[in-house]
Amino acid sequence: MLVTDTGVPARFIEQDRWGGETMRRLDDGWCAALDRDSMRCTIYANRPLICREFEMGSPECVEERGDLAQAYR
């Protein structure tokens with residue numbers, strides 16, 4: 001959910017069924033702002049608050065990356 005205006009480009013925003021703004025996801029569930037070749041955020045400087053609070057290398061990050069690695073093997 002986008003709760004602050006961080007400058008996320010409109011093409012990466014969609015509305016949920018309650019009218020809240022969220023990051024757009026692709027049909028397979030991946031964030032539309034992710035460059036899959038580099039696995040980097042294409043809007044890093046303007047990423048949403050939730051992404052800013054998700055610390056790279058934190059236990060949550062490592063767990064999420066592990067789950068993704070298993071799902072795509």
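The values are calculated or read from the model by the stated rules, or taken from the named source; none is laboratory data. This one's a predicted model, so the numbers in the text were calculated from it and none came from an experiment. No Cβ is skipped: glycine too gets one built from the backbone with ideal geometry, and neighbour counts run over all protein chains shown.
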Quiz item: Can you find even one residue in the stretch 5-18 that is of a type outside the set (Gly, Ala, Ser), modelled with pLDDT of 85 or more and touching a helix residue (DSSP H, G or I) at 6+ places or on another chain (Cβ under 8 Å)?
Solution: yes
Self-check item: Any pair with Cβ under 9 angstrom, 6 or more apart, that starts in the stretch 33-61 at a residue that is more than 21 Å from Pro9 (Cα to Cα) and ends at one that is surrounded by 11 or more Cβ atoms within 10 Å (Cβ to Cβ)
Solution: Glu55/Cys61; Glu60/Phe54; Cys61/Phe54
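Each row is one residue, and each column tells you yes or no for (1) within 12 Å of the chain's Cα centre (by Cα); (2) loosely packed, with under 11 Cβ neighbours inside 10 Å; (3) part of a loop (DSSP other than H, G, I, E, B); (4) of a type in the set (Ser, Thr, Tyr).
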{"residue": "Thr4", "(1), (2), (3), (4)": "no, yes, yes, yes"}
{"residue": "Glu14", "(1), (2), (3), (4)": "no, no, no, no"}
{"residue": "Arg17", "(1), (2), (3), (4)": "no, yes, yes, no"}
{"residue": "Ala45", "(1), (2), (3), (4)": "no, yes, no, no"}
{"residue": "Ile50", "(1), (2), (3), (4)": "yes, no, no, no"}
{"residue": "Gly57", "(1), (2), (3), (4)": "no, yes, yes, no"}
